[in-house]
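Student: My questions will all concern the structure given below.
Just so it is clear, none of the values below were taken in a lab; they were calculated from the coordinates. Everything quoted here is computed from the prediction, not taken from an experiment. In this analysis, Cβ positions are derived from the backbone assuming ideal geometry, glycine residues included, and neighbour counts consider all displayed protein chains.
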Amino acid sequence: MRRKFIAGNWKMNTSRAEGVALASAIAAKIGASSSVDVAVCPPSVYLEAVGQAIKNSAVGLGAQNCYHEAKGAFTGEISPQMVRDIGCAYVILGHSERRQIFKETSQEVNRKVRAALAVGLTPIMCVGETLDQRQTGKTAAVVREQMELSLAELSSEQMLKVVIAYEPVWAIGTGVVATPQQAEEVHADLRKLLETRYNSEVASAVRIQYGGSVNAENAASLLSQPNIDGALVGGASLKADGFLAIVTAAQTT
Ligand code: PEP
């Protein structure tokens, strides 16, 4: 049985005080144990403060990105070691905003995934097609290529430590959510790819989150699909009530 996993990607939002208040409200409701995994991913400068706010709860901490090198002359970057050192268990890698705005390639995402795994972080590795790619029938080819390249050279043991997030670009921050059937179709195909590349044990154990305009209203129908193992939530993770309603949906589906 795959344990459902709800993660909030705060992106470049909140002040320090707002982030601490949001995390505190989530931690207070979740408490010390939860039947699903829950994480918040604040801006990196607030990781320590938010980490303090959730420290006695079952809420995990994640960063939104990291570089692949351990240290050195890489101005503005943070290393996987630093992300681990500040208390993170997770790091989002290859988010479509990183791929599109900052021109990150799947090869670079792969270097980051391997560097993150090497220090014991769980990468949440994102893939997803654009609207044009979907409309021209390229969805499966695009997400399969992103998977193949971004997760290249991973052993079965490493693959088991990765979380995949399927995030159609056209659904991110748009309010246009994929239908449960559209999402399930891609999730099932990604799981098939894992079975081909690894084996059925790996394919049935790896968690695949859906991301793209998930909210309190649509979460249950998405999370009840057999191959949807959780959600990576952007906008709706910035309000405690909305985020907690998604967690409740995961606990009850
Ligand atoms: C995201 O950026 O990972 C995301 C899913 O955003 P939203 O929920 O706002 O579409």
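Student: Give, in nm to one decimal, the length gained when the segment between residue 153 and residue 85 is fully stretched (0.36 nm per residue of separation minus the Cα-Cα distance).
Tutor: On the way: separation 68, 0.36 × 68 = 24.48 nm, distance 2.57 nm.
Taking 0.36 nm per residue and subtracting the Cα distance, the gain is 21.9 nm.
Student: Here's another thing I want to ask about it. For the range 60-75, take each phi angle, set θ = phi - 60°, evaluate the Karplus expression 6.51 cos²θ - 1.76 cosθ + 1.60, and give the result in whole Hz per residue in order, putting x for glycine and proline.
Tutor: Once rounded to whole Hz, the list reads x, 10, x, 9, 9, 5, 7, 8, 8, 7, 6, 6, x, 7, 9, 3.
Student: If you don't mind, there's one more thing I want to ask. Using 0.36 nm per residue of separation minus the Cα-Cα distance, give me the extension gain between residue 74 and residue 12 in nm, one decimal.
Tutor: Details: separation 62, 0.36 × 62 = 22.32 nm, distance 2.07 nm.
Extra length from residue 74 to residue 12 when fully extended: 20.2 nm.
Student: Roughly how many Å is it from the Cα centre of the range 158-191 to that of the range 36-61, as a whole number?
Tutor: Between the Cα centre of the range 158-191 and that of the range 36-61, the gap is 24 Å.
Student: If the only charges are +1 at each Lys and Arg Cβ and -1 at each Asp and Glu Cβ, what is the size of the charge dipole of the range 20-174 around the Cα centre, to the nearest 20 debye? Please list the in-between numbers first.
Tutor: Values: 14 positive and 15 negative charges, 32 e Å.
Here the range 20-174 has a charge dipole of around 160 debye.
Student: Extension gain residue 217-residue 174, at 0.36 nm per residue separation less the Cα-Cα distance, in nm? Write down the numbers at each step before the final one.
Tutor: Numbers: separation 43, 0.36 × 43 = 15.48 nm, distance 1.52 nm.
Gain on stretching residue 217 to residue 174: 14.0 nm.
Student: Another question about this same structure. Which shape class, rounded, prolate or oblate, goes with the chain when its Cα gyration tensor gives a ≥ b ≥ c as root eigenvalues, a/c under 1.5 marks rounded, and past that a/b bigger than b/c marks prolate? Present the calculation step by step, with values, prior to reporting the outcome.
Tutor: On the way: a/c = 1.43, a/b = 1.12, b/c = 1.28.
It comes out rounded by the Cα gyration axes.
Student: In whole Hz, with x marking every Gly and Pro, tabulate ³J(HN,Hα) for the range 9-24 from phi via Karplus 6.51 cos²θ - 1.76 cosθ + 1.60, θ = phi - 60°.
Tutor: These are the phi-based 3J(HN,Hα) values: 9, 6, 6, 9, 9, 6, 8, 4, 5, 5, x, 5, 5, 4, 5, 5 Hz.
Student: Cross-link list 11/112; 29/112; 71/138; 71/103: which exceed 28 angstrom alpha carbon to alpha carbon? Display every interim value, and only then the final one.
Tutor: Details: 11/112 18 Å; 29/112 33 Å; 71/138 38 Å; 71/103 22 Å.
Long pairs (Cα-Cα over 28 Å): 29/112; 71/138.
Student: Follow-up question, since we're still on this one. I need the chymotrypsin sites (Phe, Trp or Tyr not before Pro) found in the range 1-79, filtered to DSSP loop residues with at most 16 other beta carbons within 10 Å of theirs.
Tutor: Working: sites: 5, 10, 46, 67, 74; in loops: 10, 67, 74.
Within the range 1-79, the qualifying chymotrypsin sites (Phe, Trp or Tyr not before Pro) (loop, at most 16 other Cβ atoms within 10 Å) are 74.
Student: May I ask you to list the GluC sites (Glu not before Pro) in the range 125-207 that are in a DSSP loop and have at most 13 other Cβ atoms within 10 Å of their Cβ?
Tutor: Taking the range 125-207 and a limit of 13 other Cβ atoms within 10 Å, the loop GluC sites (Glu not before Pro) found are 153.
Student: Further, regarding this structure: For the range 54-102, rounded, prolate or oblate, judged on the Cα gyration tensor with a ≥ b ≥ c (square roots of eigenvalues), a/c < 1.5 rounded, else prolate if a/b > b/c? Could the numbers behind the result be given before it?
Tutor: On the way: a/c = 3.20, a/b = 1.37, b/c = 2.34.
Here the range 54-102 falls in the oblate category.
Student: Still on this structure, I have one more. For a quick check: with amide H placed at 1.01 Å from N, whose amide H comes under 5 Å from residue 230's, ignoring anything fewer than 5 positions away on the same chain?
Tutor: 5, 210
Student: What trypsin sites (Lys or Arg not before Pro) does the range 1-82 have in DSSP loop regions with at most 10 other beta carbons within 10 Å? Walk me through the numbers on the way to the answer.
Tutor: Values: sites: 2, 3, 4, 11, 16, 29, 55, 71; in loops: 2, 3, 4, 11, 55, 71.
Sites meeting the loop and neighbour criteria: 71.
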